[in-house]
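Report on the structure given below.
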Amino acid sequence: MGMKQAIKKLDAFPRAEEHLLQKTQSGALVSIIGLVTMATLFYHELSYYLTPYTVHQMSVDLKRGETLPIHVNITFPSLPCDVLSVDAIDMSGKHEVDLDTNIWKLRLNSYGHITGTEYLSDLVEKEHEAHNHDHDKDHHDDSHAKQHTHGFDDAAETMVKKVKQALANGEGCRVYGVLDVQRVAGNFHISVHGLNIFVAQMIFDGAKHVNVSHIIHDLSFGPKYLGMHNPLDGTARILHETSGTFKYYIKVVPTEYRDISKEVLSTNQFSVTEYFSPMTDFDRTWPAVYFLYDLSPITVTIKEERRGFLHFITRLCAVLGGTFALTGMLDRWMCRLLEALTKPDPRSILR
């Protein structure tokens, strides 16, 4: 018996006799409020526990010998596909003119509907070897001008008429596909640089009439993961009665995303700064849209992780226990308040 008595003394929850307990309406109201509060907090804690969270880590980029995929989806509502070219150059010295590998040119009518597609599987330089894509200085070389003059034939004249008709009809072009470039700093640009300078002059009657208005539907440097945001998606730059060159300076950050199942997705995030240079009467360049990219030496690793079960139990006990204690205090306060309000005045009894 001595052992049982000693164990009973350790009881932290002594029970009162049933006839000593009194149930009240105020206590019932506080109990309902407490139960609703605890159920709400329990649902919130359960959702918090089941929702994965992300951890960001940084390390030095050790990748070598890989290519950089550039996903492009850009609409040029004021330029037909016949005059657009995609050119790329990087710091390794690799220069590709009219880059058509994995690139589609979708012909658009004045309403933006697709009327035809063009896909070229090989790199076609189309006699652009002597073309300078930085400032078009070779366009004004006398010997090069003679070469272009001899090259202006019936086919070029037919193309001029075709493009002028397309411009009159309000045709546009969407450039869509993937560019696989070297994993070094460089740029790619979309412009009319692929045209013979004299053909371009006959079509547009000067560089100031080349409207490079564009809408960037998608520009990314790798696959997307859940929650990823590319800052240029949905960007629209529409020019009215002016022209110029757009330059987007892009900083590419290599990224690894590891989901809750430990699968690794290699991709790239980027930040961007935009610059627009309007055309002047003294410019020798032709309008274009440049995307100049550079790679960060730091890799960001994003991990999806789930909170521990013991962490969930600890928070749950704290929340539910705190709510139970708070409702108990509220019940005692309400009980005392009601007693004070309903207690008769001793002076009225004496009278």
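Here's the yes/no breakdown for (1) assigned to a strand (DSSP E or B); (2) open to solvent by less than 20 Å² (accessible area, probe 1.4 Å); (3) closer than 30 Å to GLN165 by Cβ:
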| residue | (1), (2), (3) |
| --- | --- |
| ASN211 | no, no, yes |
| ILE216 | yes, yes, yes |
| PRO223 | no, no, no |
| THR245 | yes, yes, yes |
| SER277 | yes, no, no |
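For segment 174-193, does any single residue satisfy the condition of being under 19 Å from PHE246 (Cβ atoms), at pLDDT 80 or above and in contact with a Cys (Cβ under 9 Å, 6 or more places away or on another chain)? Yes, segment 174-193 contains a residue that is under 19 Å from PHE246 (Cβ atoms), at pLDDT 80 or above and in contact with a Cys (Cβ under 9 Å, 6 or more places away or on another chain).
Residue pairs whose Cβ atoms lie under 9 Å apart, separated by 6 or more positions or on different chains, with the first residue in segment 216-242 and closer than 17 Å to THR301 by Cβ and the second assigned to a loop (DSSP other than H, G, I, E, B) and open to solvent by 30 Å² or more (accessible area, probe 1.4 Å), are TYR225/ASP259; LEU226/ASP259. When LEU316 is tested against (1) surrounded by 14 or more Cβ atoms within 10 Å (Cβ to Cβ); (2) out of contact with any helix residue (DSSP H, G or I) (no Cβ under 9 Å at 6 or more places or on another chain), exactly one condition is not met: (2).
Just to be sure before I move on: is ASP233 in a loop (DSSP other than H, G, I, E, B) and either over 27 Å from LEU106 (Cβ atoms) or touching a strand residue (DSSP E or B) at 6+ places or on another chain (Cβ under 6 Å) (or both) in the structure I sent? Against the criterion (in a loop (DSSP other than H, G, I, E, B) and either over 27 Å from LEU106 (Cβ atoms) or touching a strand residue (DSSP E or B) at 6+ places or on another chain (Cβ under 6 Å) (or both)), ASP233 qualifies.
In this structure, is ARG284 among the charged types (D, E, K, R) and out of contact with any strand residue (DSSP E or B) (no Cβ under 9 Å at 6 or more places or on another chain)? Full working, then the answer.
Working: among the charged types (D, E, K, R): yes; out of contact with any strand residue (DSSP E or B) (no Cβ under 9 Å at 6 or more places or on another chain): yes.
Considered against the rule, which asks whether it is among the charged types (D, E, K, R) and out of contact with any strand residue (DSSP E or B) (no Cβ under 9 Å at 6 or more places or on another chain), ARG284 comes out as yes.
The residues of segment 172-188 that are within 22 Å of GLY112 (Cα to Cα) and open to solvent by less than 20 Å² (accessible area, probe 1.4 Å), listed by number, are GLY172, CYS173, VAL175, GLY177.
The values are calculated or read from the model by the stated rules, or taken from the named source; none is laboratory data. As the structure is a computational prediction, the values presented were derived from the model and not from experiment. All Cβ positions, even for glycine, are placed from backbone atoms using ideal geometry, and neighbour counts span all protein chains on display. These accessible areas exclude ligands, DNA and RNA; they are computed on the full protein's heavy atoms, side chains included. Shrake-Rupley method; radii C 1.70, N 1.55, O 1.52, S 1.80 Å.
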